[in-house]
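Chemist: One structure, as structure tokens, below. Some questions next.
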Amino acid sequence: MIESKCGILCCSCNFRDTCGCGGCIETNGHPFYGECPVANCCQNKEIAYCGECPDMPCELLIKFSCDPEHGDNPKGARIEQCKIWKAES
């Protein structure tokens with residue numbers, strides 16, 4: 001089941017409880033911090049999530065996934081999750 005546009009697993013994200021984040025799908029691309037450029041990109045391309053994009057992983061997704069301060073642990077986890085969702089579809 002796809003939980004987000006970028007591949008983050010919302011069910012295990014700390015921001016869900018600490019910030020009341022509904023995630024990009026539930027909030028139509030506006031999680032707790034405001035408009036999400038990754039969700040916006042998916043919406044503009046009319047795709048459900050980054051795994052459906054022929055450019056995946058693009059520079060924007062890599063930036064989100066591998067950011068040293070706010071990125072995934074381990075780096076690139078959401079990119080790998082998008083690949084898993086793609087394989088399951």
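Chemist: Only loop residues by DSSP count here, and only those with at most 16 other Cβ atoms within 10 Å; note down the GluC sites (Glu not before Pro) in segment 5-74 that meet that.
Modeler: GLU35, GLU46, GLU69
Chemist: In what order, largest first, do PHE64, PHE15 sit by accessible area if the probe radius is 1.4 Å?
Modeler: Putting PHE64, PHE15 in descending order of accessible area: PHE15, PHE64.
Chemist: Starting from the residue with the highest accessible area, list ASP17, ASP72, ASP67 in decreasing order, probe 1.4 Å.
Modeler: ASP17, ASP67, ASP72
Chemist: I would also like to ask the following. Could you tell me whether segment 43-89 comes out rounded, prolate or oblate from its Cα gyration tensor? Rule is a ≥ b ≥ c as square roots of the eigenvalues, rounded for a/c under 1.5, then prolate if a/b exceeds b/c, otherwise oblate.
Modeler: Taking the square roots of the gyration eigenvalues as a ≥ b ≥ c, segment 43-89 is oblate.
Chemist: With every protein chain in place, what's the accessible area of ILE25 (1.4 Å probe, Å², nearest 10)?
Modeler: 80 Å²
Chemist: Using Cα positions and a limit of under 20 Å, work out the aspartates and glutamates in reach of LYS63, with same-chain residues fewer than 8 apart set aside.
Modeler: Candidates past the 8-residue exclusion: GLU3, GLU35, GLU52, ASP55, ASP72, GLU80.
Chemist: For LEU61, LEU9, what's the largest-to-smallest order of accessible area, 1.4 Å probe?
Modeler: LEU9, LEU61
The values are calculated or read from the model by the stated rules, or taken from the named source; none is laboratory data. What you see is a predicted model, and the numbers here were worked out from it, not measured in a lab. Cβ sites come from the backbone with ideal geometry, for glycine too, and all protein chains shown count toward neighbours. Please note that ligands, DNA and RNA were not included when accessible areas were found on the heavy atoms of the full protein model with its side chains. Shrake-Rupley method; radii C 1.70, N 1.55, O 1.52, S 1.80 Å.
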